[in-house]
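Student: Next up is a structure, given as structure tokens.
The values are calculated or read from the model by the stated rules, or taken from the named source; none is laboratory data. Everything numeric in this text was worked out from a predicted model, so none of it was measured. Cβ sites come from the backbone with ideal geometry, for glycine too, and all protein chains shown count toward neighbours. When the accessible area is computed, the model is the full protein with side chains, heavy atoms only, and any ligands, DNA or RNA have been set aside. Shrake-Rupley method; radii C 1.70, N 1.55, O 1.52, S 1.80 Å.
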Amino acid sequence: MRKLSFKGGIHPNEMKELSEGCAIINTPAPTKKVTIPVTMGGAPNNVLVQVGDVVKKGQIIANGEAFMSVPVHASISGTVKKITPVTCTANVEKLAVEIWGDDSEETDFMPPLDPFTCDKQAALKRVKDAGIVGMGGASFPAHVKLNPPANCTIDTVILNAAECEPYLTIDCRTMLENAAKVIDGLSIVMHITGGKGIIGLEENKMNCVEPLQKAIDEAGLQDKIKIQIVKTKYPQGCEKMLTKALVNREIPTKGLPAQIGCVISNVGTVCAISDAFRLGMPLIERPLTISGGAVEEAKNLRVPVGTMVSDLVGTAITLKEGETAKILSGGPMMGFSMANAAFPVEKGTSGVLFLTKKEINIGAEGDCINCGMCVKACPMGVVPALIKRNVEIHNMEKATKFGVMDCIECGSCVYVCPANIKLTQYCRMGKSIIRAEMAAAKAKEAQK
């Protein structure tokens, strides 16, 4: 099987051996309490419950009127005790609903719906009502992604099974343990959008080929879904890299995959879509990887959305005393460093890493030596060193010329930089400045 890839990229230590052999463990919230952010992707939501309300598992507790709004559901049955801000991934404060469980197994799920006999609008409504967002990290509303503009014809649905971030193995385990559900969810997405399916699988997950192919054969989809092996390289799982490797199409700057005829869905997302139709269950559970050198035993867990990571520590997670130097929400390349473990598992939380000093780079920034390694590693072909220089002097015109708005913030440039310069941070800063300037200009124009 030919292995496809893209230009640029890096080969960091995979570290997947820590958890790739660990089956997914269903783990209830240890304290019987969840803290659920009211917005996890899409437009801001309004809280629909009050302190003292008794809620059922699967009941909508927050929603909005905007097209981009995605409802949020109670992940356990119990009583609403607080509605308060909580620190979430990226260290941002979000309003959250705190529910204390009552051990009730009562649910408020939707009735099952046949995805292949209902019309497209009913299918899209089910995806939205289930609160499904992209589970690869971006948390983009799935009902929006599956309903592209009329001028975009979808011919290809890509299942992003690359999972190129080091340490993370939850997608791999999901494919090994629930291949039939993965293929069912993918086939539903294909039915809604009208495209044929391609599974983009990195070559370090060849053990997933057999169960996936078996599920494809049993579903009678041999002519509609194919498995394509891609090289193990970071950031192979980025949508721009994946479309280039699999279908040799480039997503335009500031564009979306739909503009080149593609829809891309994560492994976890298609499983959630299958559950929404087959079980009527909204997105209230999140499988994730727990790993890192500071963990006594790496694991793959499935927990209720809103479970506090700090509640898992000492119960489902055992840490080596005094070894934790950094906590990351997500992978080591694009994840967010957290001040502590007091943050909730959200719909887009693919993993939590507890890293030792040996696993992180805390060295001081040096001076650029013009080696060009960042340019060679960049999968987008931008010039990180020159972006950094121009962001520092606030020359946004030149920073744009050198590709700041095309940066996907993958961190490849930082990984290879011998001077330890935090190039990705400068790109983020530059994009923030440019967006703020654009917003100010738009507001000024509106006042005329």
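Student: Looking at the stretch 103-122, I want the residues that are open to solvent by less than 60 Å² (accessible area, probe 1.4 Å) and have a partner that is at pLDDT 95 or above and not charged (D, E, K, R) with Cβ atoms under 6 Å, at least 6 apart or on another chain. Which pairs are those?
Tutor: Between residues of the stretch 103-122 that are open to solvent by less than 60 Å² (accessible area, probe 1.4 Å) and residues that are at pLDDT 95 or above and not charged (D, E, K, R), the close pairs are Ser104/Ser77; Met110/Gly280; Leu113/Phe277; Pro115/Ala123; Pro115/Ile188; Pro115/Phe277.
Student: Can you confirm whether Lys33 is modelled with pLDDT of 95 or more, more than 19 Å from Glu163 (Cβ to Cβ) and surrounded by fewer than 20 Cβ atoms within 10 Å (Cβ to Cβ)?
Tutor: Yes; evaluated as a whole, the condition is true for this residue.
Student: Counting only residues that are more than 21 Å from the chain's Cα centre (by Cα) and within 30 Å of Ala122 (Cα to Cα), give me the strands (runs of 3 or more DSSP E) lying completely in the stretch 195-281 with at least 2 of them.
Tutor: The qualifying strands (runs of 3 or more DSSP E) are 225-230.
Student: Going by the conditions given, is Gly330 in contact with a helix residue (DSSP H, G or I) (Cβ under 8 Å, 6 or more places away or on another chain) and crowded, with 16+ Cβ neighbours inside 10 Å? Reasoning before the result, please.
Tutor: Numbers: in contact with a helix residue (DSSP H, G or I) (Cβ under 8 Å, 6 or more places away or on another chain): yes; crowded, with 16+ Cβ neighbours inside 10 Å: yes.
Considered against the rule, which asks whether it is in contact with a helix residue (DSSP H, G or I) (Cβ under 8 Å, 6 or more places away or on another chain) and crowded, with 16+ Cβ neighbours inside 10 Å, Gly330 comes out as yes.
Student: Okay, moving on. Would a scan of the stretch 43-54 turn up a residue that is open to solvent by 20 Å² or more (accessible area, probe 1.4 Å), closer than 29 Å to Ala142 by Cβ, of a type outside the set (Val, Ile, Thr) and touching a residue at least 60 places away in the same chain (Cβ under 8 Å)?
Tutor: no
Student: Determine which member of the set Ile273, Ile225 is within 16 Å of Gly197 (Cα to Cα), surrounded by fewer than 23 Cβ atoms within 10 Å (Cβ to Cβ), in contact with a Gly (Cβ under 7 Å, 6 or more places away or on another chain) and at pLDDT 95 or above.
Tutor: Matching residue, one of Ile273, Ile225: Ile225.
Student: Can I ask one more? All but one of (1) open to solvent by 20 Å² or more (accessible area, probe 1.4 Å); (2) without any contact (Cβ under 8 Å) to a residue 40 or more places away in the chain; (3) among the β-branched types (Val, Ile, Thr) hold for Val404; which doesn't?
Tutor: (1)
Student: Another one. Quickly run through the stretch 333-357 and pick out the residues that are outside any strand (DSSP E or B), farther than 18 Å from Gly268 by Cβ and open to solvent by less than 50 Å² (accessible area, probe 1.4 Å).
Tutor: Met333, Ala341, Ala342, Phe343, Thr356
Student: Let me ask something else. Go through Thr153, Thr174 for me and flag whichever is among the β-branched types (Val, Ile, Thr) and not in a loop (DSSP other than H, G, I, E, B).
Tutor: Thr174
Student: Right, here's the next one. Which one is nearest to Leu4 (Cα to Cα), of the residues in the stretch 233-265 that are among the hydroxyl-bearing types (Ser, Thr, Tyr), in contact with an Asp or Glu (Cβ under 8 Å, 6 or more places away or on another chain) and surrounded by 20 or more Cβ atoms within 10 Å (Cβ to Cβ)?
Tutor: Top of the filtered list is Thr243.
Student: May I pose another question? Please work out if Lys431 is without any contact (Cβ under 8 Å) to a residue 40 or more places away in the chain and either surrounded by fewer than 23 Cβ atoms within 10 Å (Cβ to Cβ) or in a strand (DSSP E or B) (or both).
Tutor: yes
Student: Continuing with this model, one more query. Of everything in the stretch 14-26, what is within 9 Å of Tyr167 (Cα to Cα) and either outside any loop (DSSP other than H, G, I, E, B) or open to solvent by 70 Å² or more (accessible area, probe 1.4 Å) (or both)? Give them in sequence order. Break it down into steps so the answer makes sense when it comes.
Tutor: First, pick out the residues of the stretch 14-26 that are within 9 Å of Tyr167 (Cα to Cα): 14-20.
Hits for the stretch 14-26 are Glu14, Lys16, Glu17, Leu18, Glu20.
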